[in-house]
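Just below is one structure, and these are the notes that go with it.
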Amino acid sequence: MASLLDRFRALRGQRAVVRALVGEAPARVFVSLLEGGYRVRLEGAGGETALVLEPDGATPRRQPGAHSLVVHRDGRVYVNTTQDRVAVLDGASRKVLRHIPVGRDPQHLELSPDHARLYVANSGSNDVSVIDTRTDAVIASGPTGRRPLLPCVASDGSLFLPSGPDETVTALDAEGNLVATLPVGSSPHDIAVSPNARWAYQPNTGSHTVTIIDVPGRSVAGEIKVGRGPGHIAFTEDGRFAFVANTLSDDLTAVDVANHEAIGTIAAGAGAHMPMISHDGKRGYVSDFVADDLTVWDVDRREPVGRIPVGIYPHAFGISPDDRWLVVSNTGESSVCIADAQACRTVARLEVGGGPGHVDFDPDGEIAFAGCQISNQVAAIDFRRQQLIELVDVGAPAA
């Protein structure tokens, strides 16, 4: 991978294309490059697979900065930033209230269901910071595997963090105390827990499986074979079904949770990445990294019903609380698209900061916030009026 990136840097601005032959589809490298904002795809010819990297048109997210963002029910916005800090904004005034020192290289954030705790996965120090949101102070640091990924908090307060290098999931209690370390598959990505906190599903990008974790028992209960390169999962609100986005096979696997059985495949666009279910449970959406669009499917029929063209590399998106609008971060072109969810069409494209990532909404459902990693800003967006309200610099003061 290092040699590929060396060639990428050397050939930028020359309209060149880098091709590397691989024996099999390199799931870990491919998804890692996609996540990093590189313009990359897989091509097959003559029984061989080539990894194709386009230096021009990509905006790699190599430096630390605002990426993962969550909004507290009182309107405060939390986002990771530089200097090993989490920035806290007042969502109404868009003023930076404070910076919270955490572990090294904070990557992803998640709030507990009651919003009393904020969890920060620190990929540089291999731990998770536990923040009391009443005081915005770190009250504990829990151990994780190496380079912990997205934290997931169950409705019972249980905390789970996957580690790609260790091929494990760390289970902790709400205060950050270690409960168990569980073996999973190759290159685990974004773990998800069923709404009733009975099961956790861990997609394993490299082994093309989902590991089933018994949440109350803190044990591995089995494995589900899914499509190629699974990365993210969405459960339906009633917990009966889960939908797994498979980035290499460009589809979703529908799973019957009661039996842990794959019951169907839904065709999606190239690089199917992050799925979400509408609040009313009727429609599902998945961002298609390579196809630069979103696939829409009918949840009950488990069939695609449309595609919504957006911008380059739709990394993440959010569904407005009334299910009327989609706010889509286009990581590859520093823009956000606003789409009419019912009509399945984009109605506006707004320029924002560099490398937009995660999206969340204010408590009233009126403003969307997006972290912009490259410029280290938070974009505040009035999605109904289709206007950028403000770009807020969230960089931490010099240590």
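Any read-out appearing in this document is the output of simple, stated calculations on the displayed coordinates, not a laboratory observation. Since the model is a prediction, treat every value here as computed from it, not as a measurement. Every residue, glycine as well, gets a Cβ built from its backbone with ideal geometry; the counts of neighbours run over all protein chains shown.
A few notes on this one:
- Taking N as the residue count of the stretch 102-225, its C-alpha radius of gyration divided by 2.2 N^0.38 Å amounts to 0.97.
- In the chain, the DSSP-assigned H stretches of four residues or longer account for a calculated mean residue ellipticity at 222 nm of -1500 deg cm²/dmol, using -39500 (n - 2.57) per stretch and the full residue count as denominator.
- Between E237 and E48, full extension at 0.36 nm per residue minus the direct alpha carbon distance yields a gain of 63.9 nm.
- Legend: ranking of residues L111, L178, L69, L89 from fewest to most surrounding C-beta atoms inside 10 Å; resulting order L178, L111, L89, L69.
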